[in-house]
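Inspection log for the structure reproduced underneath, given as structure tokens.
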Amino acid sequence: MRIVFILSGARIQDGSTKSFLILLDGVVKAGHECMVILPGKGALFDYLTNKSIKVKCLSYRFNASDIGKTRVDQIQNWIKWKRRQFINYIASYRLLNICKQFIPDIIHSNTSINNIGFLVAKRLEIPHITHIREYGDIDFNKSIHNIDFQLNYKMNFSIAITKSIASYRKLCNDNFAVIYNGICGEDEIRFNHQKKSYFLYVGRVQMTKGIKDLIVAYIDYSKMVCNPLPLFIAGDYNFTEGKQLRDELVIRLDKANLGHNVIWLGEVSNIGKYMYDATVTVIPSYNEAFGRVMPEAITNGCLVIGRDSAGTKEQFDNGLELSSGEIGLRFKDNAELTKHLYDVSCNGIEFYYPMIRRGQSVIKKIYTREKYISSILKFYNKVNKYGKH
């Protein structure tokens, strides 16, 4: 098969990009010819070029608008979207010409927040796959335009990364599958008995990721112990909301005399090493579509504390079903999060080794690269047969 992939960004550290690269590697090894479309150059463009993958850059934007709180916000967001819509129509025309030369069997959009792949597949009357990796509204405060029409179009096929996403988007026909992201190879699961004493947060510094709740809980926990474990923050931030939030949290920590206890690492390339050494990885995000950080941490032998909601909850539930025990510590509010931080400090990480091991047994069953690729290829064959009709 010939497959064109449409990516929503060119950042190599994004979770959606990590999952895509695993997918791409498996598809290429299976003998399929691939082309990747990016919205700009950067590290990902260089990486793909070095791998001898056909890659082209077009100028296109998210097919989505921020959800405004006021009428003025809504009007401004609508105007911005109309501009993006115009840019995307130009990009889709350029993509159409590229596809006429490449002649793909399938166009696969790596997220649901871009629509140029769908527009071109519709024009060429070939199958389109929408990989639904986000809710849109409840996780990123964005309204994805015409998403229901796209998902229900006769030649569109959908991959939802969780059952929760599939339910949220009301996917109920035969044109979809729930396929969990591949995290690691079966031989990459590891465990460090010589843990270092620190809590770890991995993710962007933004409100939807729940980092403010974590800082508040950490301050409360620190009042309960003599020597609180340090907290490492591994994640970048934008220079609008992110910087303002970070500055606010730094002030809170300084007032609590804990500024020296929280280490702001920024974006980290070797995050697996930090997880491997950490006592705990905390996942306070409110509505993760999947929540890649959780299985990555467990793969690296790290205990997880996670919010019992959305994709994180689904991973906990999968673990409970498949291993007959909890694979991490769930929390619903700050009081529970604070208690978990306190309990881990008092009990010692060795107390939770059986929980970590159960989590790793679940990784082997449903979150490996091998399982991910085989499920994707099976879905491709189904889509391709439909396209030949």
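Just so you know, all these numbers are worked out from the coordinates, no wet-lab data involved. Everything numeric in this text was worked out from a predicted model, so none of it was measured. Cβ: placed from backbone, ideal geometry, glycine included. Neighbour counts: every protein chain shown.
Structure notes:
- Between the entries [x] 21.6, 69; [y] 23.4, 91; [z] 31.4, 136, the label attached to Rg and Dmax of the Cα atoms in Å calculated for this structure is [x].
- All alpha carbon pair distances within the range 73-130 were sorted into 10 Å bins beginning at 0; the resulting P(r) in whole percents reads 23, 47, 22, 8, 0.
- Put simply, when 336-343, 303-310 are sorted by average Cβ atoms within 10 angstrom per residue, most first, you get 303-310, 336-343.
- Principal semi-axes of the equivalent ellipsoid, √(5λ) from the alpha carbon gyration tensor of the range 76-232, are 40, 21, 15 Å from largest down.
- Backbone HN-Hα couplings from phi across the range 77-82 [Karplus 6.51/-1.76/1.60, Hz, Gly and Pro as x]: 5, 5, 5, 4, 5, 4
- Nonlocal amide H pairs with GLY210, under 5 Å, H built at 1.01 Å: TYR286
- When the square roots of the Cα gyration tensor eigenvalues are ordered a ≥ b ≥ c, the ratio a/c for the range 264-363 is under 1.5, which makes its shape rounded.
- Our helix-only sum for the chain, with -39,500 (n - 2.57) per DSSP H run of n ≥ 4 divided by its residues, gives a mean residue ellipticity at 222 nm of -14500 deg cm²/dmol.
- Set of lysines near LYS385 by C-alpha distance (under 16 Å), chain-local residues within fewer than 8 positions excluded: LYS154
- Rh (Kirkwood; distinct C-alpha pairs) - the range 202-326, Å: 15.3
- Every Cα-Cα pair in the range 1-136 was counted, and those over 20 Å apart are 46% of them.
- Theoretical FRET efficiency, 1/(1+(r/R0)^6), r = Cβ-Cβ of GLU370 and CYS226, R0 45 Å, to 0.05: 0.45
- In order through the range 156-165: 3J(HN,Hα) via Karplus (6.51 cos²θ - 1.76 cosθ + 1.60), integer Hz, x for Gly, Pro: 9, 10, 10, 10, 9, 7, 8, 5, 4, 5
- Nonlocal amide H pairs with SER158, under 5 Å, H built at 1.01 Å: THR130, PHE176, ALA177
- On Cα atoms only, tilt of 15-29 relative to the major axis of the chain in degrees: 50
- Leading residue at positive end of dipole, the chain (Cβ point charges), from THR208, HIS145, VAL72: HIS145
- Derived scalar couplings between HN and Hα for the range 286-291 equal 6, 9, 6, 4, 10, x Hz in order, rounded to whole Hz, by the Karplus curve 6.51 cos²θ - 1.76 cosθ + 1.60 (θ = phi - 60°), x for Gly and Pro.
- Taken about its Cα centre, the chain carries a charge dipole of roughly 1320 debye when the Cβ of each Lys and Arg holds +1 and the Cβ of each Asp and Glu holds -1.
- The loop-placed chymotrypsin sites (Phe, Trp or Tyr not before Pro) in the range 207-269, going by DSSP, that have at most 13 neighbouring Cβ atoms within 10 Å of their Cβ come out as PHE239.
- SER112 long-range amide H proximity, modeled H, under 5 Å: ARG133, GLU134
- Pairs of Lys residues in the range 1-132 are counted when their Cα atoms are under 16 angstrom apart and they lie 8 or more places apart or on different chains; the count is 10.
- Placing dummy labels 7 Å off each Cα toward the beta-carbon, the span from ARG123 to THR70 is 3.9 nm.
- Distance histogram for the range 232-274 (every C-alpha pair counted, 5 angstrom bins, percent rounded to whole numbers): 6, 20, 26, 22, 16, 9, 1
- When the range 14-61 is reduced to its Cα atoms, the Kirkwood hydrodynamic radius in Å: 11.3
- Computing FRET efficiency as 1/(1 + (r/R0)^6) for ASP308 and ARG94, where r is the C-beta to C-beta distance and R0 is 45 Å, gives about 0.50.
- Note on LYS385 and GLN101: their simple-model spin labels are 3.4 nm apart, each label 7 Å out from Cα toward Cβ.
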